[in-house]
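For reference, the structure discussed in these notes is given below.
The values are calculated or read from the model by the stated rules, or taken from the named source; none is laboratory data. For clarity, every value in this text was computed on a predicted model and none was experimentally measured. Cβ coordinates were reconstructed from backbone atoms using ideal geometry, including for glycine residues, and neighbour counts include every protein chain displayed.
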């Protein structure tokens with residue numbers, strides 16, 4: 001991935017989330033600073049004025065909670081949190097909240 005810092009430290013949950021979102025989507029979002037922990041993946045995005053960081057967290061029911069943040073120099077605000085997101089809906093949720101394309105669509 002170009003221009004992305006990937007820190008997973010052998011974390012299978014973060015790796016799984018990353019593969020479900022996909023390299024193409026990360027590239028389209030201008031994603032960078034990807035950081036995984038025991039149950040989530042967090043990354044910064046470019047191109048959206050209201051959101052610049054996203055965290056995808058695995059829930060106990062095998063769905064995801066997607067939290068959208070606006071991070072400034074001195075503040076960190078939660079813009080929206082969407083719960084019970086299935087893996088196949090990650091692109092739609094991220095696209096809806098950011099207003100950015102997450103797939104190339106049908107060519």
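Taking the criterion of being outside any helix (DSSP H, G or I) and at pLDDT below 90, would at least one residue in the range 10-20 satisfy it? Walk me through how you get there before you give the answer.
As a first pass, look at the range 10-20 and keep what is outside any helix (DSSP H, G or I): 10-11.
Keeping just the survivors that are at pLDDT below 90 gives 10-11.
Within the range 10-20 (the criterion being outside any helix (DSSP H, G or I) and at pLDDT below 90), the answer is yes, since at least one residue qualifies.
Annotation: of all residues in the range 45-63 being over 16 Å from residue 98 (Cβ atoms) and assigned to a strand (DSSP E or B), the one that is farthest from the chain's Cα centre (by Cα) is 58. Residues that are part of a helix (DSSP H, G or I) and either in contact (Cβ under 8 Å) with a residue 12 or more places away in the chain or out of contact with any helix residue (DSSP H, G or I) (no Cβ under 9 Å at 6 or more places or on another chain) (or both) within the range 83-94 comprise 87, 89, 90, 91, 92, 93, 94, listed in sequence order.
Might you check whether a residue that is in a strand (DSSP E or B) and under 11 Å from the mean Cα position of the chain (by Cα) occurs anywhere in the range 73-82? Walk me through how you get there before you give the answer.
Of all residues in the range 73-82, those in a strand (DSSP E or B) come to 76-82.
Within this subset, residues satisfying the condition of being under 11 Å from the mean Cα position of the chain (by Cα) are none.
No, the range 73-82 contains no residue that is in a strand (DSSP E or B) and under 11 Å from the mean Cα position of the chain (by Cα).
Among the residues of the range 59-91, those identified as out of contact with any strand residue (DSSP E or B) (no Cβ under 6 Å at 6 or more places or on another chain) and surrounded by 13 or more Cβ atoms within 10 Å (Cβ to Cβ) are 87, 89, 90, 91.
Any idea which residue in the range 21-44 is modelled with the highest pLDDT, counting only those that are out of contact with any strand residue (DSSP E or B) (no Cβ under 6 Å at 6 or more places or on another chain), closer than 16 Å to residue 98 by Cβ and in a loop (DSSP other than H, G, I, E, B)?
Checked the range 21-44; the qualifying residue modelled with the highest pLDDT is 30.
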